[in-house]
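Everything on this sheet refers to the single structure shown next.
The values are calculated or read from the model by the stated rules, or taken from the named source; none is laboratory data. Remember, predicted model here, so these are calculated numbers, not experimental data. Reconstructed Cβ throughout: ideal geometry from the backbone, glycine too, with neighbour counts over all protein chains shown. For the accessible areas, the whole protein counts, side chains as well, though only heavy atoms, and no ligand, DNA or RNA atoms are used. Shrake-Rupley method; radii C 1.70, N 1.55, O 1.52, S 1.80 Å.
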Amino acid sequence: MFVPGCGRAIDRSLNFLISRFTLGLAPAALAEVYFDWLVHLTASPGKQTELAQQAFVKSTHLLREVMTAAYTQEKPQAETTEATDKRFRAPEWNIWPFNLIRDAFLLEQSWWDTATNDVHGMTEPHMRVASFVARQLLDMAAPSNFIATNPVVLNETVSQMGGNLVRGTKNLFEDLDRVWTGQPPVGAENFKVGENIAITPGKVVFRNDLIELIQYEPTTAKVHAEPVLIVPAWIMKYYILDLSPENSLVKYLCDQGFTVFMISWKNPTARERDYGMDDYRRHGVMAALETVERIVPGEQVHGVGYCLGGTLLTIAAAAMGAESKRFKSLSLFAAQVDFVDAGELTLFISESQIAFLEDTMHEQGYLEGFQMAGTFQLLRSNDLIWSRIVRDYLMGERMPMSDLMAWNSDATRMPARMHGEYLRHLYLDNELSGGHYKVEGRPIALTNIRTPFFVIGTETDHVAPWKSVYKLNLFTDAPVTFALTTGGHNAGVVSPPANSKRAFRIATRQATDAYVDPDHWFAETPRQQGSWWPAWIAWLEERSSGRKVAPPRMGLSGANPTRLEPAPGTYVYER
């Protein structure tokens, strides 16, 4: 006799096994996209005619290049609009026959882009997924990825008599060994938490089952009366904001006379599988805020949230209603409150995909760090996968490890319940900006927040696109200072003043000002050279009381500072 519930358990186990080979991607979701594309393309003779015509024109163009090279010895020229691909910028790609190989690939890429877009009757989300998948498959087969069709690699192989391939093979086996044995990437061992990164002096002043709260030691004789509480995302280790001293935002804040507190999240295991979004709000943000207010009584707090931590901080502030005045200001770094235009990450968000992930997480109780990392790498496969393969294994070169790269390899997990709720309520249903997100059974409204905002977007962010971050302006009546910096989701935020390569734009919208769309904002806001950090410090100082006081005690009343555990605490070491 079939035991009730046994079938569901079998399905979950099967999906869990499948996920080990698909990096968490649901085959059913991809099949749904494929058949949607195939059926509608089959029923669109006009689209088929357009594709046939384009194939003929592009093939004729390529044939003309071949004939030109064969009979006139002239160098064929690539189409200008397609020759900007950075994989083919080296001058060697302009030499026959590699220019023809390159152009054939680019023409095929253009054809598939047309084939997977503007298919009548196909849903827009499915079109974007189809285009993304086609691009991934083509990138995998790009001529730049193979020795015989990459002139740069061929030249190096000849000039070094194969030495680059010998080094590349060594690199490959070294990397495989580290993956199989669970070791960090080559060079990451030179960056050790508590030794040369995450070394800003401080103490753990509070701990529960979800967080450790670090209070950093002052570096100035007087400090601003209002403390700063930083809420990092729990999909990353907190020390991205406390890397090596020259790249540490925490140290920079302390040196500017601020009392700084930082949440360090626990790396969850199966035991924390039932922790949900509200647990992170109550036992994370609210527990930390209450501790800060006890250590620095009578003062408002500057709240700072990074990525998912910024979203949670905003939820907490909105849920507080009138009590949100406990925050003097709110600063959000690459954090979203609306998820309609949340970039290519939304390609992986559908009912089928979330159900598949929930089955995967049900078996193990959490989402593995490598599964998340695989998804993020697919969003930038040329930069994070294929170019690295060419550099490390074909050219035999290694990119020097940096503190930011070492941090990026320190992956964390996410509890099953929290991750499912986050994907469903925020990404899939977009409840927060729509006024449907509930806290303690009641929907919250972002308009409840009247605290001034400082919001950072980054120009090349593939996790939180800056135009999506900018949309906070549509959902709050509070003053918003928006700054757009060069760089990506991480490097754009970790932007110390010594890094002169960065630039940013900044402007403030008062509560009574008319809304300006992001394109006009970008065109009207002048570009400034340098880091955005000093501009943010100036903004914090303007919104502080201006009072300078003696630094507060370390830890809660009655605590012996000498017995407090030193930063970076213990949770950061959990793997």
Worksheet entry | VAL166 vs. criteria in a helix (DSSP H, G or I), open to solvent by less than 20 Å² (accessible area, probe 1.4 Å) and β-branched (Val, Ile, Thr) | no
Worksheet item: Which residue out of ASP461, ASP519 is at pLDDT below 95 and either closer than 19 Å to VAL340 by Cβ or aromatic (Phe, Trp, Tyr) (or both)?
Response: ASP461
Discussion item. So, PRO566, is that one open to solvent by 60 Å² or more (accessible area, probe 1.4 Å) and either on the phi > 0 side of the Ramachandran plot or without any contact (Cβ under 8 Å) to a residue 24 or more places away in the chain (or both) or not?
Written reply: no
Discussion item. List pairs: first residue in region 508-532 and under 20 Å from SER468 (Cα atoms) and free of Cβ contacts under 8 Å to residues at least 40 places away in the same chain, second residue open to solvent by less than 50 Å² (accessible area, probe 1.4 Å) and of a type in the set (Ser, Thr, Tyr) anywhere in the structure, Cβ distance under 8 angstrom, at least six positions apart or on different chains.
Written reply: THR508/THR481; ARG509/THR481
Practice prompt. Spot the failing condition for HIS436; the list is (1) touching a Ser or Thr at 6+ places or on another chain (Cβ under 9 Å); (2) assigned to a loop (DSSP other than H, G, I, E, B), and only one is missed.
Written response: (1)
Practice prompt. Answer yes or no: is there a residue in region 335-348 that is among the hydrophobic types (A, V, I, L, M, F, W, C), closer than 13 Å to ILE456 by Cα, open to solvent by less than 10 Å² (accessible area, probe 1.4 Å) and assigned to a strand (DSSP E or B).
Written response: no
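Name the single residue, out of those in region 442-464 being among the aliphatic types (A, V, I, L, M) and out of contact with any strand residue (DSSP E or B) (no Cβ under 6 Å at 6 or more places or on another chain), that is most open to solvent (accessible area, probe 1.4 Å).
Filtering region 442-464 for residues among the aliphatic types (A, V, I, L, M) gives 444-446, 449, 455-456, 463-464.
In the following step, the residues that additionally are out of contact with any strand residue (DSSP E or B) (no Cβ under 6 Å at 6 or more places or on another chain) were identified as 444-446, 449, 463-464.
Numbers: ILE444: 13, ALA445: 35, LEU446: 11, ILE449: 1, VAL463: 16, ALA464: 2 Å².
Restricting to residues being among the aliphatic types (A, V, I, L, M) and out of contact with any strand residue (DSSP E or B) (no Cβ under 6 Å at 6 or more places or on another chain), the top hit is ALA445.
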Worksheet item: For region 268-278, which residues satisfy the criterion of being buried (at least 20 other Cβ atoms within 10 Å of the Cβ) and within 22 Å of the chain's Cα centre (by Cα)?
Response: PRO268, MET277
Item to complete: With respect to LYS467, determine if the residue is part of a helix (DSSP H, G or I), charged (D, E, K, R), out of contact with any Gly (no Cβ under 7 Å at 6 or more places or on another chain) and open to solvent by less than 50 Å² (accessible area, probe 1.4 Å).
Response: no
Item to complete: Answer yes if at least one residue in region 247-260 is over 19 Å from LEU564 (Cβ atoms), of a type in the set (Phe, Trp, Tyr) and open to solvent by 10 Å² or more (accessible area, probe 1.4 Å), and no otherwise.
Response: yes
Worksheet item: In region 26-65, which residues are more than 30 Å from THR360 (Cβ to Cβ), among the acidic types (Asp, Glu) and open to solvent by less than 30 Å² (accessible area, probe 1.4 Å)?
Response: GLU65
Discussion item. Every residue in region 112-122 that is surrounded by 15 or more Cβ atoms within 10 Å (Cβ to Cβ) and assigned to a helix (DSSP H, G or I), please.
Written reply: TRP112, THR114, ALA115
Worksheet item: Of all residues in region 497-515 being open to solvent by less than 60 Å² (accessible area, probe 1.4 Å) and more than 25 Å from the chain's Cα centre (by Cα), which is modelled with the lowest pLDDT?
Response: ALA511
Discussion item. I'm checking my understanding of the structure. Among residues of region 215-235 that are in contact with a helix residue (DSSP H, G or I) (Cβ under 8 Å, 6 or more places away or on another chain) and hydrophobic (A, V, I, L, M, F, W, C), which one is modelled with the lowest pLDDT?
Written reply: ILE235
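Of the residues ILE235, ILE197, only one is aliphatic (A, V, I, L, M) and open to solvent by less than 10 Å² (accessible area, probe 1.4 Å); which?
Details: ILE235 fails: open to solvent by less than 10 Å² (accessible area, probe 1.4 Å).
Sole residue among the options that is aliphatic (A, V, I, L, M) and open to solvent by less than 10 Å² (accessible area, probe 1.4 Å): ILE197.
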Worksheet entry | Members of region 470-496 found to be in contact with a Phe, Trp or Tyr (Cβ under 8 Å, 6 or more places away or on another chain), in a loop (DSSP other than H, G, I, E, B) and open to solvent by less than 30 Å² (accessible area, probe 1.4 Å), listed by number | THR476, ALA478, THR486, VAL493, SER495, PRO496
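Out of THR360, THR375, report the one residue that is modelled with pLDDT under 80, open to solvent by less than 50 Å² (accessible area, probe 1.4 Å) and touching a strand residue (DSSP E or B) at 6+ places or on another chain (Cβ under 9 Å).
Numbers: THR375 fails: touching a strand residue (DSSP E or B) at 6+ places or on another chain (Cβ under 9 Å).
The match here is THR360.
Could you check region 516-547 and list, in sequence order, the residues that are small (Gly, Ala, Ser), open to solvent by less than 50 Å² (accessible area, probe 1.4 Å) and part of a loop (DSSP other than H, G, I, E, B)? Give the derivation first.
Pass one, region 516-547, residues small (Gly, Ala, Ser): 523, 530-531, 535, 538, 544-546.
Next, from what is left, pick out any that are open to solvent by less than 50 Å² (accessible area, probe 1.4 Å): 530-531, 535, 538, 544.
Those that are small (Gly, Ala, Ser), open to solvent by less than 50 Å² (accessible area, probe 1.4 Å) and part of a loop (DSSP other than H, G, I, E, B): GLY530, SER531, SER544.
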